[in-house]
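Report on one structure; see the data block that follows.
The values are calculated or read from the model by the stated rules, or taken from the named source; none is laboratory data. Just so you know, these numbers come straight off a predicted model, no measurement behind them. Note: ideal-geometry Cβ built from the backbone for every residue, glycine included; neighbour counts use all protein chains shown.
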Amino acid sequence: MKRYQFFNILLAAGLMLTASCKKTFLDENLTTARGMDFYKTEAGIQSLATGTYYYVFNTPFNGEWTFCNTNYGTDEFHVGGDASNGVWNAYDAGLRSIIPALNGNTISANVQWDNAYIGIGYANLLIQNASTSTSTSDAVKKVALGEGYFFRAYNYLRLVSQYGGVPLKTKPSTGIELEFTRAAAKDVYAQVIADFQSAYNLLANTGGPSRITKDAAAHYLAKAYLFRASEVNDSWNASTKTADLQAIVPLCDAVIANHPLAPDFGDLWKYTGPDAPNEKLSELILSAQFTSDVSASGANTQHLYYIGRYDDLPYMQRDISGDRPYSRLATTYYMYRIYDMVNDSRFWKSFKTKHRLNKASGAYVNGDLGIMYVVNQPGDNRYAKMKLNDVVVYGRTGKTIPNVYVAYPAGATADGAMFADVRFPSLSKFMDGSRIALNETRGLRDVVLARSAETYLIAAEARIRLANAGVGAYADALPYINAVRARGQYRSGEDRSLYADGGGAYTASASGQSPAINSYYPENSYYESNNIPVTTAASTSLAVTNTATLPAGDEYVISKLGYATPYDRMLCFLLNERSRELCGEFKRWEDLARTKTLLARARAFNPEAAPNIKDFHMLRPIPQTYLDGIQASGAALTSDQKQAQQNPGY
């Protein structure tokens, strides 16, 4: 039986073992090898911290497991044109402790678990060596130690939000350990909060977003308090709930003061090349760093997964700016209904709805409009069919648009016209035209882990929960929500059809691809979708002033989900606002699971998940590799003992 090891850091020590051999004239002593003692030195401690940054923040974005665990199976996304990991979205019989592989892309059940525990192993070593070091350097005693506490808390928060109670390991391993049991979720949260508090007390506010700062610790500490106070923990959190919620707002206010929102929501995603200005905005609190040197920073592959197919359509071909469309995640119709499409710019700055024609033939030249997605609303009868390749004419060129896709064709009121195809507006937050070759999978842009727009919404949710407990009023949440909504409004003089995404970084690429093949189109389908006259006036205010009368998109979701109480309505509004602001940013599944709204929303908006999702799916299956590898009293676990450590339902 293959033994399951929690932490492979011991491998480094094992490599130091040497075999004896006869002395010869060629005897050599290796003097450059580093043993575990190196990690007790100042240089070793800081080197370990650097390596832990890479492992904890960068490696999750090289591959598909992160989006499988955070974006699939929610109200925001369902399976696009490739179902390699569809089991994570559909909650069918394949989602269990061992996931049957559909193909080589299928993600196993243990990848997230292993990644987090290896990160915890590195963090434990960092904490121990920084704590016991005789160094008086702040870089060791404060920075490295604070980073170690943060890394451990960050990984345990990921684990407890996905699995519930998990084994707690807070000391480095000195040998192979095989006997583990799951701690209660209550104890895991206590450890997470204590570690984030330690990080907060040790760290300064310098070096962000590339380094962990006091504000990063405060943001995640507030999030940990919020998670502990959420519905999924209501069986045991009564004694800590009110204090947790009251601690959140001061933490958030301090972070917000240091991280003003970017003036334009689109600035966040306007990536023009490695280390572009959008990667250094004041709004950013913490990012996973990637650079043009992939040997140093690893590969960010998230640009592959959210892109609808474009390269197999008439007059189109794959290019560096349009990205390589793996087409794993498609937007659900929930995303088309929750925005004020006329006044809220965030949909139009998050999703690509037009492509430049780049394979000219006949009457077409490269640069004509080649693809358009019309994201209209139910009952719109302007478009007779879902796809119209001989009817829709683009006003600026007077030419028919070869490929047009309509959300609600022919006055339809039912969702789903685009669900049966690989065609959908692409989430463009991760698009990367700076890659070094046409089919290169390795991306170079940073991944935002935390930004202050979310901090506003964490504070707002705390206010909503406090109001439900009789402390304050629901209206106390509105200033925080409205600050985020105000940033999403169109400004006076703004061109509402103007669009930018990371595909525009093709000018920084070393691919050598001809600009004539470029499919990057700096325009969206705002006017075609909304059917309003061209305007540059400021949009109508998105501010909400009355909690009893919420925006139309929110009232639609509230009605569909059958909510009636003030608390349910406001929490629904808050979760919708998180979608509008944070869609795709690797947070959604945990937000719905912790609030126990996952089932209702998946059933209402996710066509593949709806028939299968059950109550027990609010936790993930404990991986079989762990259950098969551990022991009790020196013997492998029995079937009953394994089931006792497994989450119910799996």
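Take the residues in region 389-443 that are among the polar types (S, T, N, Q), in contact (Cβ under 8 Å) with a residue 60 or more places away in the chain and in a loop (DSSP other than H, G, I, E, B), then tell me which one is surrounded by the most Cβ atoms within 10 Å (Cβ to Cβ). Only one residue tops the list, namely S434.
Per the listing Y149, Y163, the residue uniquely among the hydroxyl-bearing types (S, T, Y) and within 18 Å of A217 (Cβ to Cβ) is Y149.
Listed conditions (1) in a loop (DSSP other than H, G, I, E, B); (2) touching a strand residue (DSSP E or B) at 6+ places or on another chain (Cβ under 6 Å) are all met by H219, apart from (1). Any residue at all in region 192-210 that's surrounded by fewer than 22 Cβ atoms within 10 Å (Cβ to Cβ), free of Cβ contacts under 8 Å to residues at least 24 places away in the same chain and in a loop (DSSP other than H, G, I, E, B)? Within region 192-210, one or more residues are surrounded by fewer than 22 Cβ atoms within 10 Å (Cβ to Cβ), free of Cβ contacts under 8 Å to residues at least 24 places away in the same chain and in a loop (DSSP other than H, G, I, E, B). Take Y556 and tell me if it is part of a loop (DSSP other than H, G, I, E, B), among the hydroxyl-bearing types (S, T, Y) and touching a residue at least 12 places away in the same chain (Cβ under 8 Å). No; evaluated as a whole, the condition is false for this residue. Among residues of region 627-649 that are closer than 14 Å to P167 by Cα and assigned by TED's automatic domain parsing to the domain that holds Q162, those with a Cβ under 6 angstrom from a residue that is modelled with pLDDT under 95 and not hydrophobic (A, V, I, L, M, F, W, C), sequence gap 6+ or separate chain, pair up as G629/R3; G629/Y4.
Do we find a residue being at pLDDT 95 or above and among the basic types (K, R) anywhere in region 446-462? Yes, because at least one residue in region 446-462 is at pLDDT 95 or above and among the basic types (K, R). Report whether or not G472 is part of a loop (DSSP other than H, G, I, E, B) and on the phi > 0 side of the Ramachandran plot. In short, yes. Within region 444-461, which residues are among the basic types (K, R) and in a strand (DSSP E or B)? Within region 444-461, just R451 meets the criteria. Checked against the criterion of being touching a strand residue (DSSP E or B) at 6+ places or on another chain (Cβ under 7 Å), surrounded by fewer than 23 Cβ atoms within 10 Å (Cβ to Cβ) and either closer than 18 Å to Y326 by Cα or not assigned by TED's automatic domain parsing to the domain that holds W589 (or both), region 79-86 contains one or more residues that satisfy it. N358 meets all of the listed conditions (1) part of a loop (DSSP other than H, G, I, E, B); (2) under 22 Å from the mean Cα position of the chain (by Cα); (3) buried (at least 23 other Cβ atoms within 10 Å of the Cβ) but one, namely (2). In summary, N103 fulfils each of the numbered conditions (1) touching a residue at least 40 places away in the same chain (Cβ under 8 Å); (2) in a loop (DSSP other than H, G, I, E, B); (3) surrounded by fewer than 22 Cβ atoms within 10 Å (Cβ to Cβ) with the single exception of condition (1). For region 600-614, the condition of being touching a Gly at 6+ places or on another chain (Cβ under 9 Å), within 27 Å of R96 (Cα to Cα) and of a type in the set (D, E, K, R) holds for at least one residue.
If I filter region 591-601 down to residues being crowded, with 22+ Cβ neighbours inside 10 Å and in contact with a Phe, Trp or Tyr (Cβ under 8 Å, 6 or more places away or on another chain), which single residue comes out as farthest from G165 (Cα to Cα)? Looking at residues that are crowded, with 22+ Cβ neighbours inside 10 Å and in contact with a Phe, Trp or Tyr (Cβ under 8 Å, 6 or more places away or on another chain), I get R601.
Number of residues in region 561-586 that are surrounded by fewer than 17 Cβ atoms within 10 Å (Cβ to Cβ) and part of a loop (DSSP other than H, G, I, E, B) equals 3.
Here's the yes/no breakdown for (1) aliphatic (A, V, I, L, M); (2) surrounded by fewer than 19 Cβ atoms within 10 Å (Cβ to Cβ); (3) within 29 Å of the chain's Cα centre (by Cα):
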residue: A116; (1), (2), (3): yes, no, yes
residue: D138; (1), (2), (3): no, yes, no
residue: R152; (1), (2), (3): no, no, yes
residue: N155; (1), (2), (3): no, no, yes
residue: R158; (1), (2), (3): no, no, yes
residue: I176; (1), (2), (3): yes, yes, no
residue: R182; (1), (2), (3): no, no, yes
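Applying the selection to region 163-174, what residues are touching a Leu at 6+ places or on another chain (Cβ under 8 Å) and crowded, with 19+ Cβ neighbours inside 10 Å? Passing the criteria: Y163, G164, V166, P172. Only one entry of G146, G164, G121 meets the criterion of being modelled with pLDDT of 95 or more and within 23 Å of the chain's Cα centre (by Cα), and that entry is G164. Here is the figure for region 166-191: residues that are part of a helix (DSSP H, G or I) and either touching a Ser or Thr at 6+ places or on another chain (Cβ under 6 Å) or of a type outside the set (S, T, Y) (or both) total 6. You will find that of T540, T547, T565, T536, the residue that is in contact with a Ser or Thr (Cβ under 8 Å, 6 or more places away or on another chain) and among the β-branched types (V, I, T) is T536 and no other.
Residue-wise test of (1) of a type in the set (A, V, I, L, M, F, W, C); (2) out of contact with any Phe, Trp or Tyr (no Cβ under 6 Å at 6 or more places or on another chain); (3) not assigned by TED's automatic domain parsing to the domain that holds R580.
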position	(1), (2), (3)
T413	no, yes, yes
R423	no, no, yes
D432	no, yes, yes
A469	yes, yes, no
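If you go through region 41-78 and keep only what is assigned to a helix (DSSP H, G or I) and touching a strand residue (DSSP E or B) at 6+ places or on another chain (Cβ under 6 Å), you end up with F57, N58, F61. On inspection, G73 passes the criterion of being closer than 28 Å to F430 by Cα, under 16 Å from the mean Cα position of the chain (by Cα), buried (at least 24 other Cβ atoms within 10 Å of the Cβ) and not acidic (D, E). The set of residues in region 138-150 that are touching an Asp or Glu at 6+ places or on another chain (Cβ under 6 Å) and more than 15 Å from T50 (Cβ to Cβ) contains only Y149.
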